[in-house]
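Structure below; questions to follow.
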Amino acid sequence: MAEIRKGRAAVDWAKGQVTNPTPTAPAGPTWFGWCLVFARRAFNVGPLYASAEDGWHAAEFRHGTTSTPPLGVPVWWTNGRHGHVAVSSGDGNCYSTDILRTGKVDKVAISFITRKWGQRYRGWTEDINGVRIWRPGAPNMPAVDLGKVREAAERDQFRPQGEGLHESDVLIVEKALRKEGLRSAAFVDGYAGTEFRKAYGKWQKQTVPPPFDGVPGIESLRKLGRANGFRVVQ
């Protein structure tokens, strides 16, 4: 297979499908029902998963819905069945199959797809079908100290509310847990008490083998950081 398309090259390919569609097997003569095939071909990535729903759940570098997806990344929806995926144009819009014309590609607002189809918008990823197609700028990424967050998770529950240890590190992790839908905004306060451990335990259950004790380990914290734009230091 030729070189992977990234960024502007992927978007230009997707844009070209609006006026000059070139679907081929397995998509057939149109893009109808083949959103994952369309998206992976935009990035020139091979087949792996059967549906967009599977593709989202399998992605390693996931981002939530609180920021505008950058140019040239896949954006995802789930509905408990096949889900949907499109290609972000970086301006709050995306190139999507089937949304305005059956079997065709059009550029529409990400929010329009959510409203029209009633699917759950999940956010965007840096990878598709197991291939990394986007990377954040590492020098600008905040750092989280694993040892400090572990200490806070083990000791804050015995400290008064509002007097947590290492609040700045804990806040970064809490914000990431919130993006993943695991932490209420009311508890994003830099305090790694019982509610923090419950939320982090859910993240562990999704990403790593037991124990799911809510005390961050290196593997689970790195996965949370890759998905939400922070790096882990030890």
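Counting only residues that are in contact with a Ser or Thr (Cβ under 6 Å, 6 or more places away or on another chain) and not aliphatic (A, V, I, L, M), which one in segment 84-103 is nearest to Gly28 (Cα to Cα)?
Gly103
Separate question: Tell me which residues, restricted to segment 113-168, are part of a helix (DSSP H, G or I) and among the β-branched types (Val, Ile, Thr).
Quick first cut of segment 113-168, residues part of a helix (DSSP H, G or I) only: 113-117, 138-140, 146-158, 167-168.
Ile113, Thr114, Val149 - these are the residues of segment 113-168 that are part of a helix (DSSP H, G or I) and among the β-branched types (Val, Ile, Thr).
Let me ask you something else. Quick check on my filter: what residues within segment 93-123 are open to solvent by 30 Å² or more (accessible area, probe 1.4 Å) and over 16 Å from Val18 (Cβ atoms)?
Within segment 93-123, Ser111, Thr114, Arg115, Lys116, Trp117, Gly118, Arg120, Tyr121, Arg122 meet the criteria.
For the list (1) surrounded by 15 or more Cβ atoms within 10 Å (Cβ to Cβ); (2) without any contact (Cβ under 8 Å) to a residue 40 or more places away in the chain; (3) more than 25 Å from Arg226 (Cβ to Cβ), I need the number of the one condition that His57 fails.
If we test His57 against (1) surrounded by 15 or more Cβ atoms within 10 Å (Cβ to Cβ); (2) without any contact (Cβ under 8 Å) to a residue 40 or more places away in the chain; (3) more than 25 Å from Arg226 (Cβ to Cβ), just (3) comes out false.
Next question. On the basis of being surrounded by fewer than 17 Cβ atoms within 10 Å (Cβ to Cβ) and modelled with pLDDT under 95, does Arg226 make the cut?
Values: surrounded by fewer than 17 Cβ atoms within 10 Å (Cβ to Cβ): no; modelled with pLDDT under 95: yes.
Answer is no for this residue.
If you go through segment 147-162 one residue at a time, do you hit one that is crowded, with 18+ Cβ neighbours inside 10 Å, among the aliphatic types (A, V, I, L, M) and within 16 Å of the chain's Cα centre (by Cα)?
no
Also, I was wondering about something else. Going through Gly147, Gly90 one at a time, which residue ends up being in contact with a helix residue (DSSP H, G or I) (Cβ under 8 Å, 6 or more places away or on another chain) and more than 21 Å from Gly181 (Cα to Cα)?
Numbers: Gly147 fails: in contact with a helix residue (DSSP H, G or I) (Cβ under 8 Å, 6 or more places away or on another chain).
Result: Gly90 is the single residue among Gly147, Gly90 that is in contact with a helix residue (DSSP H, G or I) (Cβ under 8 Å, 6 or more places away or on another chain) and more than 21 Å from Gly181 (Cα to Cα).
Please go through (1) at pLDDT below 95; (2) within 16 Å of the chain's Cα centre (by Cα) for Asp91 and return the number of the only condition it doesn't satisfy.
Asp91 satisfies all of (1) at pLDDT below 95; (2) within 16 Å of the chain's Cα centre (by Cα) except (2).
Let me confirm something: among Asp106, Asp91, which residue is free of Cβ contacts under 8 Å to residues at least 40 places away in the same chain and among the acidic types (Asp, Glu)?
Numbers: Asp106 fails: free of Cβ contacts under 8 Å to residues at least 40 places away in the same chain.
Criteria check complete, one pass: Asp91.
Exactly one condition in (1) open to solvent by 10 Å² or more (accessible area, probe 1.4 Å); (2) among the aliphatic types (A, V, I, L, M); (3) closer than 15 Å to Arg122 by Cβ is false for Val37; which is it?
It fails just one condition, (3).
On to the next question. Can you tell me which residue is modelled with the lowest pLDDT among those in segment 1-19 that are out of contact with any Phe, Trp or Tyr (no Cβ under 9 Å at 6 or more places or on another chain) and open to solvent by 100 Å² or more (accessible area, probe 1.4 Å)?
Ranking the candidates gives Met1 first.
I'd like the full set of residues that are outside any helix (DSSP H, G or I) and touching a helix residue (DSSP H, G or I) at 6+ places or on another chain (Cβ under 6 Å), limited to segment 170-205. Give the steps one after another, and end with the answer.
Going through segment 170-205, the residues outside any helix (DSSP H, G or I) turn out to be 180-184, 188-193.
Leu182, Arg183, Val188, Gly190, Tyr191, Ala192, Gly193, listed by residue number.
What are the pairs, 6+ residues apart or on separate chains, where a residue within segment 63-75 that is open to solvent by 10 Å² or more (accessible area, probe 1.4 Å) has its Cβ under 9 Å from a residue that is in a loop (DSSP other than H, G, I, E, B) and among the β-branched types (Val, Ile, Thr)?
As it stands, the answer is His63/Val73, since those pairs meet every condition given.
Within segment 166-194, restricting attention to residues that are within 20 Å of the chain's Cα centre (by Cα) and among the small types (Gly, Ala, Ser), which residue is least open to solvent (accessible area, probe 1.4 Å)?
The selected residue is Ala176.
The values are calculated or read from the model by the stated rules, or taken from the named source; none is laboratory data. The shown structure was predicted, so the numbers you read here are calculated from the model rather than taken from an experiment. No Cβ is skipped: glycine too gets one built from the backbone with ideal geometry, and neighbour counts run over all protein chains shown. Side chains included, ligands, DNA and RNA excluded: accessible areas come from the protein's heavy atoms. Shrake-Rupley method; radii C 1.70, N 1.55, O 1.52, S 1.80 Å.
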